[in-house]
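**Student:** I have a structure here, written as structure tokens, and I will follow up with some questions on it.
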Amino acid sequence: MMAHPNVLITSVAAKVLLVRAFRDALADEGQVFTCDARQQCAGGLASDGHHAVLPLADPAALHQLLELCDRKEIGLLVPTRDGELSFLAEHAESFRA
């Protein structure tokens, strides 16, 4: 089991089934948090906590995501858009820390 079993699903939008699948898999072992550029979205309503975040092109986006991961003790970050992959790969060491 992960040191921090909490999960953060990015760009959650309407991915309610994905959120529910992670919540079912974790059972009582952790929480599923979500984030999206929008404050209100269906996937966020199904999570244990939703956070509006800056677009990745914003210079402050990295700090915001790292702070969110630290505050919520995220052990698994689940990107849902191909456009997020290069950003996350570029900053992988920061997220691992």
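The values are calculated or read from the model by the stated rules, or taken from the named source; none is laboratory data. Predicted, not measured: the structure shown is a model, and the values here were computed from it. Glycine also receives a Cβ, built like all others from the backbone with ideal geometry; neighbour counts cover every protein chain displayed. When the accessible area is computed, the model is the full protein with side chains, heavy atoms only, and any ligands, DNA or RNA have been set aside. Shrake-Rupley method; radii C 1.70, N 1.55, O 1.52, S 1.80 Å.
**Student:** Anything in segment 68-97 that is open to solvent by 60 Å² or more (accessible area, probe 1.4 Å) and more than 27 Å from ALA27 (Cβ to Cβ)? List them, or say none.
**Tutor:** Start the filter on segment 68-97 by keeping residues that are open to solvent by 60 Å² or more (accessible area, probe 1.4 Å), which leaves 70-71, 73, 76, 81-82, 85-86, 89-90, 93, 96-97.
Those that are open to solvent by 60 Å² or more (accessible area, probe 1.4 Å) and more than 27 Å from ALA27 (Cβ to Cβ): ARG81, ASP82, LEU85, SER86, ALA89, GLU90, GLU93, ALA97.
**Student:** Follow-up question, since we're still on this one. Residues in segment 48-57 that are over 24 Å from ALA25 (Cα atoms) and surrounded by 12 or more Cβ atoms within 10 Å (Cβ to Cβ): how many?
**Tutor:** 4
**Student:** Quick one: which of LEU26, LEU8 is hydrophobic (A, V, I, L, M, F, W, C), at negative phi and in contact with a strand residue (DSSP E or B) (Cβ under 6 Å, 6 or more places away or on another chain)?
**Tutor:** LEU8
**Student:** Among the residues of segment 1-39, write down those that are open to solvent by less than 50 Å² (accessible area, probe 1.4 Å) and assigned to a loop (DSSP other than H, G, I, E, B).
**Tutor:** Correct list: PRO5, THR10, SER11, VAL12, ALA13, GLY30.
**Student:** Mind checking which residues of segment 40-97 are under 18 Å from PRO5 (Cβ atoms), part of a helix (DSSP H, G or I) and not basic (Lys, Arg)?
**Tutor:** Answer for segment 40-97, where residues must be under 18 Å from PRO5 (Cβ atoms), part of a helix (DSSP H, G or I) and not basic (Lys, Arg): LEU68, CYS69, ASP70, PHE95.
**Student:** On to the next question. Have a look at GLY83, GLY75, GLY44 and point out the one that is in contact with a Pro (Cβ under 8 Å, 6 or more places away or on another chain), in contact (Cβ under 8 Å) with a residue 12 or more places away in the chain and not charged (D, E, K, R).
**Tutor:** On the way: GLY83 fails: in contact with a Pro (Cβ under 8 Å, 6 or more places away or on another chain); GLY44 fails: in contact with a Pro (Cβ under 8 Å, 6 or more places away or on another chain).
Result: GLY75 is the single residue among GLY83, GLY75, GLY44 that is in contact with a Pro (Cβ under 8 Å, 6 or more places away or on another chain), in contact (Cβ under 8 Å) with a residue 12 or more places away in the chain and not charged (D, E, K, R).
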